[in-house]
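See below for the structure under consideration.
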Amino acid sequence: MEWIKIFESKEELQSKLRESAPYRIDVKGQAICIVLRQNVLHAFENKCSHNGEALHKGSINYLGEIVCPWHGYRFNIKTGRECAERCQDLETFPVKETEEGLFIAVTSHVL
Ligand code: FES
């Protein structure tokens with residue numbers, strides 16, 4: 001597992017991301033969806049496990065789930081779990097904040 005810096009500070013994060021809006025970032029060649037919700041940053045794979053749609057094009061519902069824009073499947077942004085068990089869960093990525101910035105951990109198989 002490798003920690004990759006994605007923001008210099010929490011202030012930069014908060015200035016660049018809107019609350020409960022999904023964004024795509026690319027880390028070590030992997031597309032990752034990030035969402036800032038209730039002051040917590042979540043990170044999960046950007047590819048919908050149903051049929052591959054880009055999840056950053058979707059939306060966050062009132063339950064804090066990412067809703068895929070293609071067929072409406074919903075995934076928990078903390079756990080990656082598909083809410084009706086119709087397809088595989090999403091891979092999630094740990095996030096940490098230090099004095100040096102905000103980091104995301106990617107596993108070696110995506111490098
Ligand atoms: S591709 Fe995401 S729900 Fe079908």
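Read the figures in this text as sums done on the coordinates, not as results from a lab. Here the structure is a predicted model, which is why all the values come from computation and not from measurement. All Cβ positions, even for glycine, are placed from backbone atoms using ideal geometry, and neighbour counts span all protein chains on display.
Counting only lysines at least 8 places from K10 when in the same chain, those with an alpha carbon closer than 25 Å to its own are K28, K57, K78, K96. Each of R86 and K57 was given a label point 7 Å from its Cα along the Cα-to-Cβ line. The distance between the two points is 1.7 nm.
Across the stretch 79-95, rounded Karplus estimates of 3J(HN,Hα) from the backbone phi angles (6.51 cos²θ - 1.76 cosθ + 1.60, θ = phi - 60°) give 9, x, 5, 6, 5, 10, 6, 9, 8, 4, 6, 7, 6, 10, 10, x, 10 Hz, Gly and Pro being marked x. A cut-off of 5 Å between modelled amide H atoms, ignoring neighbours fewer than 5 places along the same chain, links I77 with I66. According to the Kirkwood relation over distinct C-alpha pairs, the hydrodynamic radius of the chain is 14.0 Å. With contacts taken as Cα pairs under 8 Å at a separation of at least 6 residues, the chain carries a relative contact order of 30 percent. Listed values for the stretch 26-43 are Karplus-derived 3J(HN,Hα) couplings in whole Hz (6.51 cos²θ - 1.76 cosθ + 1.60, θ = phi - 60°), namely 10, 10, 6, x, 10, 7, 10, 9, 10, 9, 9, 9, 6, 6, 10, 8, 10, 9, and x replaces Gly and Pro.
When trypsin sites (Lys or Arg not before Pro) are flagged only if DSSP places them in a loop and at most 14 other Cβ atoms lie within 10 Å, the longest unflagged stretch of the chain comes out as 29-77.
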